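The structure under discussion appears below in the form of C-alpha cells.
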Amino acid sequence: MTRAVPLWLYSLSSLVLFFGVWQGVTVLGLVSPFVLPSPVTVAERAIAMMQRPFAGALLWEHAFSSFLRFLGGFGLAAAIGVPLGLMMGRFRLLDEMVTPVFEAYRYVAPLAWVPFAALWFGTGVGGAIMVIFTGAFAPCLINAYRGARLVDKHLIEAAQTHGASEFRIATEVLLPGALPSIVAGLRVSAGLGWQSLIGAELIVVSSGIGYVMIQGQSNLSPQTVITAMLVIGLIGLLIDVGLRGVETAVRRKWEGQ
Amino acid sequence: MSEIVIDKVSKIFGDGGAKPFVAIDGVDLRVEDREFISVVGPSGCGKTTLMRMVAGLETVSRGEIRVAGKPVTGPGPDRAVVFQQFALFPWKTVRENIVFGMRSRGASREERDEAVTYYLRLMKMEGTADKYPHQLSGGMQQRVAIARSYATDPGVLLMDEPFGALDAQTRTIMQEELVRVSKGNPRTVMFITHSVEEAVYLADRVVVMGRNPGHIREVIDVASTRQAERWSEEPIDDVMEKPSFTHLRGQVWRLLREQMGADV
Ligand SMILES: Nc1ncnc2c1ncn2[C@@H]1O[C@H](COP(=O)(O)OP(=O)(O)OP(=O)(O)O)[C@@H](O)[C@H]1O
Ligand SMILES: [Mg+2]
C-alpha cells in the first residue's frame with residue numbers, strides 16, 4: 001500500500017504554517033516589530049550578519065567559536081565520564097565511592113556552576129568549557145556505567161582466564177560491550193552540553209552565539225536575538241542528526257551480532 | 001608440569017552471613033599433569049563451583065588449590081576456561097577471538113597467524129577467519145572457543161559442559177574432535193558433563209560427585225581400559241558398543257543414580 005501524501009509533506013506544511021502565521025501577524029501590524037520582527041526582517045538581519053561583523057565577528061565565526069567550546073566541554077565530559085562509568089561498572093568499590101558525590105552533583109543545573117566557572121577560569125574559554133562539561137558529564141557517565149553492568153559476565157571471565165589485563169578488559173570487552181549504551185548517552189549529553197553552552201556564553205565570554213544574543217538584546221535588536229536562536233537550533237539539530245547517525249550505525253553493527 | 005592439587009577444599013557461600021550454604025565439603029583430588037578427567041554428578045552438587053575455584057573465578061572457603069605447585073589466587077592464562085555459553089567476543093572476528101589469549105603473552109604476529117591457520121585446519125573451519133561469531137553455527141562457535149583456549153597455551157584447560165548447548169550429532173563430532181585435538185596437544189583437563197557416555201569416552205578418570213553437601217563419591221579409572229582396548233583408534237560409535245565401554249558406563253551410571261536417589 002502506498003501513501004497518497006508523503007510524510008515529509010506534513011513536516012513541510014507545519015513549517016510553512018508556522019512561518020506563514022508569523023509573517024501574517026507581523027505584516028498585519030498585530031504586534032510591534034520591536035516586540036516581534038517579521039521572518040523577512042530576521043532573514044535580512046541574518047544575511048547582514050554574515051556579511052558584516054557584529055559584536056566583533058561574522059555570524060559563522062561566532063557560531064564556530066561556540067561550536068569549538070562545545071567540542072571542548074563535550075569532549076572532556078566524554079573523555080572522563082565514559083572511562084569512569086566503565087570502571088564504576090566493573091569495580092564495586094569505586095561505584096560505592098563515586099556514587100554519592102555523583103548523585104549530589106547531577107541535580108545541580110549546569111547554569112548554577114556559572115559563578116564558579118567565572119571565579120575559577122575568569123571570563124575566558126575555560127569557564128564556558130567547564131559549564132558545558134557540567135551539563136554533558138552525567139549522561140556520559142551513567143550510560144557507560146549501565147552499559148558496563150550489562151556486559152555478559154562470561155565475557156569478562158573469558159578475558160580474565162585468557163590472561164587479559166584490566167586495561168584490555170576495559171578496552172576490548174567493556175567498551176565494545178557498552179558501546180550502544182555509550183553512544184545513546186553521548187547523544188543526550190551533546191544536547192545538554194549544547195544547551196548549557198548558550199547559558200554559559202550569556203554570562204562568561206565575549207564571543208559566540210550566546211554573546212550575540214546578549215549584544216542583540218542590549219542593542220534593542222530582536223531580529224538579532226532571533227537570528228542567534230535560529231542558529232542555535234540549527235547547530236543543535238545538526239549535532240543530534242550526526243550522533244543519531246553514529247547511534248544507528250553502531251546499533252546496526254551490534255544487533256547483527 | 002601442570003598438575004592440579006585440590007587439598008581439603010570447601011566452599012561456603014555467604015560464609016559468616018545469616019544463611020551460609022555449604023556447596024562443597026572437604027574435596028580432595030589430584031589431577032596429574034596432562035591427565036584428562038571428567039566430572040559428573042547430579043545437578044547442584046557443585047561441579048561448576050569446584051571448577052570455578054580452580055579457575056580462580058571463585059574464592060576457596062577452606063583448604064587450598066595448587067596448580068603447578070602454586071596456590072591459586074585468581075584467574076590466569078595458565079588455566080583457560082571453555083564456557084558452556086561459548087563466551088566468544090561478539091565484536092571480534094574468529095581470528096581475533098582465537099588469538100585473544102596469545103596476545104596476553106605477547107605472541108608475535110607470525111606466531112599468531114600460524115596458530116589461526118593451524119587451529120582452523122584442525123577444526124575443519126578453513127575460510128572462516130574473518131567471520132564474526134554470530135555468522136557461525138553453535139558447533140563452530142564452540143570450536144572457536146576451544147581453539148582460543150588451546151592457543152593460549154595453558155597448562156590446564158577447564159571445560160564446563162562445553163557441548164551442553166549443541167545438538168546430538170554436532171556433539172558427537174565435537175567429542176571425536178576434542179579427542180583428536182587433545183591427543184596432539186595434551187593438557188591437564190577438567191571436563192564437566194552431564195553425559196555419562198561423554199565422560200567415559202573422553203576421560204582418563206571419571207570423578208563422580210554427590211550432593212548435600214557437594215563431595216567426591218568415587219573416582220573411576222578409564223585410561224587403562226582405553227589403552228588395552230585401543231579405543232582411540234576407532235570411531236566413537238564403535239567404541240560405545242564395546243563391552244569394555246558399556247561396562248564402565250554402567251558402573252558410572254549406577255553410582256550416579258545412587259546419588260540422585262539419595263535425596264528422593
Ligand atoms: N554464587 C552463589 N551463591 C550462592 N549459592 C551458589 C552460588 N553459586 C552456586 N551456588 C549453589 O551451590 C550449589 C552448587 O552449584 P553448582 O553450580 O556448582 O552446581 P553444578 O554441579 O554445576 O550444577 P549443574 O549440574 O546444574 O550445573 C547449588 O546449590 C547452587 O545453588
Ligand atoms: Mg554447573
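The values are calculated or read from the model by the stated rules, or taken from the named source; none is laboratory data. Because the structure is predicted, anything quoted here is derived from the model rather than measured. Positions of Cβ are backbone-derived with ideal geometry, glycine not excepted, and every protein chain shown enters the neighbour counts. In case anyone asks, the SASA skips ligands and DNA or RNA and just uses the protein heavy atoms, side chains included. Shrake-Rupley method; radii C 1.70, N 1.55, O 1.52, S 1.80 Å.
If R0 is taken as 41 Å, the Cβ-Cβ distance between residue A:248 and residue B:21 corresponds to a FRET efficiency of 0.30.
Take every pair of alpha-carbon atoms less than 8 Å apart whose residues are at least six positions apart; their mean separation over the length of chain B yields a relative contact order of 25 percent.
Using only alpha carbons, segment A:1-134 has a radius of gyration to Kirkwood radius ratio (Rg to Rh) of 1.16. Considering only beta bridges that DSSP places wholly inside the protein assembly as shown, some 55 percent are antiparallel.
With N as its number of residues, chain B has a Cα radius of gyration that, divided by 2.2 N^0.38 Å, comes to 1.01.
Comparing A:133, A:176, A:54 along the charge dipole axis of chain A, the residue lying farthest to the positive side is A:176, per the Cβ-charge model.
In Å², and per residue, what accessible area does chain B have when probed at 1.4 Å with the other protein chains present?
44 Å²
Leaving ligands, DNA and RNA out of it, report the carbon-plus-sulfur percent of the accessible area of segment B:99-149 at a 1.4 Å probe. Ligands and nucleic acids excluded, carbon and sulfur give 45 percent. Averaging 1/r across all pairs of distinct Cα atoms in the protein assembly as shown and inverting the result yields a Kirkwood radius of 27.9 Å. Remark on segment A:145-170: accessible area falls by at least 30 square angstrom from chain-alone to full-complex state for A:154, A:155, A:157, A:158, A:160, A:161, A:162, A:163, A:168, probe 1.4 angstrom.
On a 0 to 90° scale, report how tilted helix A:209-218 is relative to the longest principal axis of chain A, with both axes built from alpha carbons and the result rounded to the nearest 10. The angle comes out at about 30 degrees. The contact between chain B and chain A removes approximately 1900 Å² from the accessible area (both sides summed; 1.4 Å probe; ligands, DNA and RNA excluded). Looking at segment A:56-255, the accessible area is 46 square angstrom per residue; that uses a 1.4 Å probe and ignores ligands, DNA and RNA.
When the other protein chains are added to the chain by itself, burial of at least 30 square angstrom of heavy-atom accessible area (probe 1.4 Å, ligands and nucleic acids ignored) affects these residues of segment B:90-120: B:90, B:91, B:100, B:103, B:104.
The apolar share of the surface of chain A, taken as the fraction of accessible area on carbon and sulfur atoms (1.4 Å probe, ligands and nucleic acids excluded), comes to 72 percent. Full extension of the chain between residue A:240 and residue A:146 yields a length gain of 31.7 nm, computed as 0.36 nm times the residue separation minus the alpha carbon distance. Calculated mean residue ellipticity, 222 nm, chain A: -26500 deg cm²/dmol, from DSSP H runs (n ≥ 4) at -39500 (n - 2.57) each, averaged per residue and rounded to 500. Just checking the listed ones, A:63, A:228, A:48: in the Gaussian network model of chain A with Cα springs under 10 Å, the one fluctuating most is A:48. For peptide B:82-89, the mean count of partner chain Cβ atoms within 10 Å of a residue's Cβ comes to 5.
Interface residues of segment B:39-63, defined as a loss of at least 10 Å² in heavy-atom accessible area between the chain alone and the complex of all protein chains with a 1.4 Å probe, are B:52, B:57. Counting, for every residue in A:15-28, the Cβ atoms of other protein chains within 10 Å of its Cβ and taking the mean gives 0.
The candidates B:229, A:96, B:58, A:201, arranged from most to least accessible area with a 1.4 Å probe in the full protein assembly, appear as A:96, B:229, B:58, A:201. List the lysines whose alpha-carbon lies under 19 Å from that of residue B:11, not counting same-chain residues fewer than 8 positions away? Candidates past the 8-residue exclusion: B:19, B:47. For chain A, a Gaussian network of Cα nodes joined below 10 Å ranks A:186, A:141, A:68 by mean-square fluctuation, and the top entry is A:68.
Cα axis of helix A:175-203 to longest principal axis of chain A: angle in degrees, 0 to 90, nearest 10? Between helix and principal axis, roughly 30 degrees.
Starting from a Cα-only point model with no solvent, please compute log10 I(q)/I(0) by Debye for segment B:44-128 at q = 0.20, 0.24 1/Å. So the normalised log intensities work out to -1.01, -1.17.
How much net charge surrounds residue A:193 when only the other residues with a Cβ under 13 Å from the Cβ of residue A:193 are counted, with Lys and Arg +1 and Asp and Glu -1?
The answer is 0.
Here residue B:124 is the anchor, and the lysines within straight C-alpha reach of less than 26 Å, apart from those fewer than 8 places off in the same chain, are B:92, B:183. The gain in end-to-end length when the residue A:19 to residue A:7 segment is fully stretched comes to 2.4 nm, 0.36 nm per residue minus the alpha carbon separation.
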